[in-house]
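Q: Structure in structure tokens, see below.
The values are calculated or read from the model by the stated rules, or taken from the named source; none is laboratory data. None of the values given here were measured: they were computed from a predicted structure. Glycine gets a Cβ as well: all are built from the backbone with ideal geometry, and neighbour counts include every protein chain shown.
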Amino acid sequence: MKRLKLALCFLFILGLCLGSVACGEPEPATDTKGTQPSSDVASTEENIPDPPKPVLYENPLTGLMAEANNVGARPVAIMLNNIKQALPQEGISDVDILLECLVEGGITRLMGIVSDCKSLEEIGSIRSSRPYYLDFAQAFDAIYCHAGGSTEAYNQIASRRINNVDGVKKDPLDVYYRDPQRLETMALEHTMMTTGEGIAKSIEHFKYRTTLREDFESPISFPAADTSVPVGTDDALHVYIPVSSYQKVDYVYDAEAKEYLRYQHDGNKHVDGNNGEQLSFKNIIVLFCATRTMEEKLLNITTTGTGTGYLISEGKYTTITWSRTDRDGNLTLTDTSGEPLVLNRGKTAINVCPKTVEKNVNMNAVDRAMKP
């Protein structure tokens with residue numbers, strides 16, 4: 001009887017095993033080493049979600065898409081050295097708009113206008129203010145960054161209540177500093193630097209307004225869609241601007257990139273010392289303003305009233321008109337039909353020149369040899 005029970009149990013177990021095989025239940029798979037793969041790992045890998053795509057916003061100074069949302073926010077305008085002995089500048093390729101004006105002695109200074117100052121690393125060298133740079137900073141409602149200034153510039157900063165970050169008289173957070181490498185090879189006045197993070201800390205410290213004023217209207221705009229804006233029918237393949245006997249600027253059109261490469265100081269590439277990149281721009285705006293020399297060889301540049309200029313983009317150019325009633329008010333740029341100026345999306349260079357320079361500007365100076 002005991003043996004009969006054992007036999008029945010054996011048959012029962014055997015039947016269960018055969019039934020499993022018959023129902024198609026697979027045996028566990030093994031890899032080449034005879035170990036079973038982990039179904040948990042495979043499942044986890046299959047379920048890893050894709051990283052979220054960053055939300056992009058239109059940069060109001062370039063029309064290009066960026067991660068920083070600066071729509072309605074105030075930009076910063078940074079005074080930059082441009083004398084030969086102070087080159088190369090650092091961080092200059094990161095600015096959205098580069099504006100150039102004469103100062104005394106035929107030299108120029110640059111003002112870099114940036115929508116998102118926090119994105120800047122080191123930038124400089126920083127130089128001092130002149131009154132008409134204040135006017136152009138105000139045209140973009142920008143917070144003005146400089147290191148010193150003429151007596152009249154300081155007077156106007158005070159009387160016009162210009163929001164400014166000064167590296168000489170007003171830097172309690174020490175956001176400006178002397179670059180030790182520059183100190184080894186350059187005069188002291190060519191060595192002052194700052195960072196975007198430092199500028200942002202100063203803006204917070206002084207509690208400056210960080211949104212555009214209610215009545216602000218930008219002098220530039222961009223098309224509603226990502227399309228090319230026709231500028232004109234006349235070619236502008238090598239733009240030559242003899243600003244002074246000291247400073248001559250060339251913009252050479254790169255047809256493949258559809259941008260203009262900048263050269264200055266008679267044919268030298270204008271490069272950023274941080275990355276070695278040559279500066280390039282989608283748009284070039286030239287504005288002609290009445291300019292005269294005052295006492296101590298300082299200049300007075302008239303930025304109110306009306307005047308003429310050029311818009312240059314994608315190998316073509318057209319004449320434009322500028323107008324302004326108030327040095328702290330809106331600057332209006334219009335095309336030949338009187339409509340507000342619409343630019344192609346990208347960075348813009350603005351050259352403010354004496355009226356006497358207009359007759360010497362050449363849009364196709366193809367015989368000018370640039371240095372490699």
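Q: Taking only the range 86-113 into account, find how many residues are part of a strand (DSSP E or B), more than 19 Å from the chain's Cα centre (by Cα) and of a type in the set (D, E, K, R).
A: Counting residues in the range 86-113 that are part of a strand (DSSP E or B), more than 19 Å from the chain's Cα centre (by Cα) and of a type in the set (D, E, K, R) gives 0.
Q: Residue 225 versus (1) without any contact (Cβ under 8 Å) to a residue 40 or more places away in the chain; (2) assigned to a strand (DSSP E or B); (3) of a type in the set (A, V, I, L, M): which is the lone unmet condition?
A: With respect to (1) without any contact (Cβ under 8 Å) to a residue 40 or more places away in the chain; (2) assigned to a strand (DSSP E or B); (3) of a type in the set (A, V, I, L, M), residue 225 is out only on (2).
Q: So, one more: Pairs under 9 Å by beta carbon, first residue under 18 Å from residue 316 (Cα atoms) in the range 356-372, partner part of a loop (DSSP other than H, G, I, E, B) and of a type in the set (D, E, K, R), six or more apart or different chains?
A: From the range 356-372, the pairs are 362/368.
Q: Assuming residue 266 fulfils every condition listed in (1) among the acidic types (Asp, Glu); (2) in contact with a strand residue (DSSP E or B) (Cβ under 7 Å, 6 or more places away or on another chain); (3) surrounded by fewer than 22 Cβ atoms within 10 Å (Cβ to Cβ) apart from one, which condition is it?
A: (2)
Yes or no, residue by residue, for (1) closer than 30 Å to residue 183 by Cβ; (2) touching a strand residue (DSSP E or B) at 6+ places or on another chain (Cβ under 6 Å); (3) not charged (D, E, K, R):
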residue: 53; (1), (2), (3): no, no, no
residue: 62; (1), (2), (3): no, no, yes
residue: 72; (1), (2), (3): no, yes, yes
residue: 77; (1), (2), (3): yes, yes, yes
residue: 81; (1), (2), (3): yes, no, yes
residue: 85; (1), (2), (3): yes, no, yes
residue: 88; (1), (2), (3): yes, yes, yes
residue: 93; (1), (2), (3): yes, yes, yes
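Q: What's the number of the only condition in (1) closer than 20 Å to residue 61 by Cα; (2) without any contact (Cβ under 8 Å) to a residue 24 or more places away in the chain; (3) of a type in the set (S, T, N, Q) that residue 325 fails to meet?
A: (1)
Q: Only one of these conditions is not met by residue 257: (1) among the hydrophobic types (A, V, I, L, M, F, W, C); (2) buried (at least 20 other Cβ atoms within 10 Å of the Cβ); (3) in a loop (DSSP other than H, G, I, E, B). Which number is it?
A: (2)
Q: Shifting gears a bit: Looking at the structure I just gave you, is residue 157 closer than 14 Å to residue 208 by Cβ, crowded, with 16+ Cβ neighbours inside 10 Å and over 20 Å from the mean Cα position of the chain (by Cα)?
A: It is true that residue 157 is closer than 14 Å to residue 208 by Cβ, crowded, with 16+ Cβ neighbours inside 10 Å and over 20 Å from the mean Cα position of the chain (by Cα).
Q: A further question on this structure: Quickly run through the range 207-236 and pick out the residues that are among the hydrophobic types (A, V, I, L, M, F, W, C) and surrounded by 14 or more Cβ atoms within 10 Å (Cβ to Cβ).
A: Listed by number, the residues that qualify are 212, 216, 220, 222, 229, 231, 236.
Q: Based on what the data block shows, is residue 105 in contact (Cβ under 8 Å) with a residue 40 or more places away in the chain and surrounded by fewer than 24 Cβ atoms within 10 Å (Cβ to Cβ)?
A: yes
Q: State all residues of the range 271-292 that are in contact with a strand residue (DSSP E or B) (Cβ under 6 Å, 6 or more places away or on another chain) and free of Cβ contacts under 8 Å to residues at least 12 places away in the same chain; if no residue qualifies, say none.
A: Matches in the range 271-292: 292 only.
Q: Tally time: how many residues in the range 138-154 are closer than 16 Å to residue 324 by Cβ, in contact with a strand residue (DSSP E or B) (Cβ under 8 Å, 6 or more places away or on another chain) and either of a type outside the set (A, V, I, L, M) or surrounded by fewer than 21 Cβ atoms within 10 Å (Cβ to Cβ) (or both)?
A: 1
Q: Kindly establish whether residue 135 is surrounded by fewer than 16 Cβ atoms within 10 Å (Cβ to Cβ), of a type in the set (Asp, Glu) and touching a residue at least 40 places away in the same chain (Cβ under 8 Å).
A: no
Q: Among the listed residues 251, 240, 263, identify the single one that is more than 23 Å from the chain's Cα centre (by Cα), part of a strand (DSSP E or B), modelled with pLDDT of 95 or more and of a type in the set (Ser, Thr, Tyr).
A: 240
Q: Which one of these is touching a His at 6+ places or on another chain (Cβ under 8 Å) and of a type in the set (D, E, K, R): 127, 74?
A: Only one candidate passes the filter, namely 127.
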